[in-house]
Amino acid sequence: MFDQLIPVLPSTAEAPEGRLRIGGVDCGELAAAYGTPLIAYDQAHIEAAARAWLDAFADHPAGATVVYASKAFAAVGMLRLLGELGLGADVSSLGELEAARRAGIDPARIVLHGNNKSRTELAAAVDLRVGLVVVDAASELDLLEELCAAEGAVQPILVRINPDIVVETHQYINTAHAGSKFGVPAVEAATLLERAAASPWLEPRGVHVHLGSQLLDTAPWGRVLGWLAGWALELRERTGIEVHTLDVGGGLGIAYTEDQAPPTPADVARVVRDTLDREWVARGLRLPHLVVEPGRSIVGQAAVTLYRVGVVKDAGDIRYVAVDGGMSDNPRPTLYGAEYRALLAERCHEPASGPWWIAGVHCESGDVLVEDAPLPTPVRGELLAIAATGAYAASMASTYNLVPRCAAVLVGDGTHRPLLRGERLEELFARDVDGG
Ligand code: LLP
């Protein structure tokens, strides 16, 4: 059981005497200290993943900035850890901007995204002097210019270009096809950069493109950068504007199941560099400074969620084990049909008694975290772990059914410290006007 799941577990995961340990700490100890559900992050895994991104682009001649896509998991402690390693932050809301600020991320390494940024968000970003605002629409450019003029600040920008490319992933996380709500078509991207160039308050640095998420193939980066070379050449010839900065987005996938073999950051870097050499340099275009925005590939596989087993029952042909969380702490199975792997955290080496459906506590049949998980017969009170829950689980958590959101902890070198404490019941009523 355990050995088979190593490809989806955090790098320090081990199971002496069948008990799951992460970062040198027994998961039973973590559950006792913080309660369940609990998202336990392996610090060593995160640091290695972040360094893999930094190393992959370290020798890019025009320099590269690695910004962590904070939407994957935006706890301030996580951002601080990554900031100290040298990463910046990709933020796409006032809340994420504030998390990056509180984490002490160098504003020059903050990239503001969003398909509909508000005046407040743009003003806060300009006020903080973020390194880049990625403009997503013509009206946003006007608003940004107005705010910069009022502040007396010159804001470097990129324009998000929609390359009209469909990549292989879930349709909800595919972002670069024609008709997507993100970015502007190629012709308009050039117009927006020209307009920015004509403004004393905006500094057009280049373009941003994000293909989609959970990509298990590097080819799309090659395709899009090859296509962009022609666009960049035309832009330069027609307007004299050069692409100084090229932000290639995030999107590298992780293994949720043992049969998935994601490329490494070095693989992505190789395709990017090869394409730049072949398509950009060969056309006489200068090598741009690169920005990459990994989220899932840094934190996704670094965590497991620990649940306490409750009801175990047969429902016709299906055998259910219900746990004390569900779609409120991880909506991905319900939302995307996402697949996960599970194990009983205190009996990692026992053979399976058959397939089990892992159900959550919420009042809908779709609240199933894993279908057909091979597990030994679960027993009320024991711990069940679901792997690879570090990205887009806590960050998309809800309080559905008035279930408080769970804690998240960072584990490493035999010690642990909380990143997010569990929500208290009273907090659920803090904004309920009649609830006090
Ligand atoms: N940059 C931009 C502009 C993005 O929109 C995203 C993700 C990223 C970077 C980071 O992508 P990553 O490296 O994490 O794949 N909730 C979905 C994923 C949505 C991704 C949205 N944008 C899920 O749970 O699969």
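The values are calculated or read from the model by the stated rules, or taken from the named source; none is laboratory data. This one's a predicted model, so the numbers in the text were calculated from it and none came from an experiment. Cβ: placed from backbone, ideal geometry, glycine included. Neighbour counts: every protein chain shown. Areas reflect the complete protein model, heavy atoms only, side chains present, ligands, DNA and RNA absent. Shrake-Rupley method; radii C 1.70, N 1.55, O 1.52, S 1.80 Å.
Which condition number does Asp259 fail, the rest of (1) farther than 22 Å from Asn162 by Cβ; (2) touching a strand residue (DSSP E or B) at 6+ places or on another chain (Cβ under 6 Å) being met?
Of the numbered conditions (1) farther than 22 Å from Asn162 by Cβ; (2) touching a strand residue (DSSP E or B) at 6+ places or on another chain (Cβ under 6 Å), the odd one out for Asp259 is (2).
Which residue is nearest to Gly390 (Cα to Cα), if the candidates are limited to segment 281-304 and must be within 12 Å of the ligand (Cβ to nearest atom) and hydrophobic (A, V, I, L, M, F, W, C)?
Val299
Taking Leu306 as the residue in question, decide whether it is of a type in the set (A, V, I, L, M) and open to solvent by 10 Å² or more (accessible area, probe 1.4 Å).
Here the answer is no, as Leu306 does not meet what is asked.
So is Thr218 assigned by TED's automatic domain parsing to the domain that holds His289, under 21 Å from Leu287 (Cβ atoms) and out of contact with any Leu (no Cβ under 6 Å at 6 or more places or on another chain) or not?
Yes, satisfied.
Inside segment 72-137, counting only helices (runs of 4 or more DSSP H) that do not spill past its ends, which hold 2 or more residues that are under 20 Å from the mean Cα position of the chain (by Cα)?
76-85, 94-102
Which one of the conditions (1) modelled with pLDDT of 95 or more; (2) part of a loop (DSSP other than H, G, I, E, B) does Ala150 fail to meet, given that it meets all the rest?
Failing condition for Ala150: (2).
What helices (runs of 4 or more DSSP H) completely inside segment 1-60 contain at least 3 residues that are buried (at least 21 other Cβ atoms within 10 Å of the Cβ)?
Filter on segment 1-60 gives 27-34, 43-57.
Listed residues Ala149, Ala198, Ala137, Ala153; which is within 16 Å of the ligand (Cβ to nearest atom), of a type in the set (Gly, Ala, Ser) and surrounded by fewer than 21 Cβ atoms within 10 Å (Cβ to Cβ)?
Ala137
Just checking, how many residues over segment 259-273 are over 19 Å from Ser213 (Cβ atoms) and surrounded by 15 or more Cβ atoms within 10 Å (Cβ to Cβ)?
The qualifying residues number 2.
For segment 127-155, give me each residue that is closer than 18 Å to Gly249 by Cβ and hydrophobic (A, V, I, L, M, F, W, C).
Those that are closer than 18 Å to Gly249 by Cβ and hydrophobic (A, V, I, L, M, F, W, C): Val130, Leu132, Val133, Val134, Val135, Ala137.
Glu350: charged (D, E, K, R) and out of contact with any strand residue (DSSP E or B) (no Cβ under 8 Å at 6 or more places or on another chain), yes or no?
Answer is no for this residue.
Quick one: would you say Leu94 is within 16 Å of the ligand (Cβ to nearest atom) and either in contact with a Phe, Trp or Tyr (Cβ under 7 Å, 6 or more places away or on another chain) or aliphatic (A, V, I, L, M) (or both)?
No; evaluated as a whole, the condition is false for this residue.
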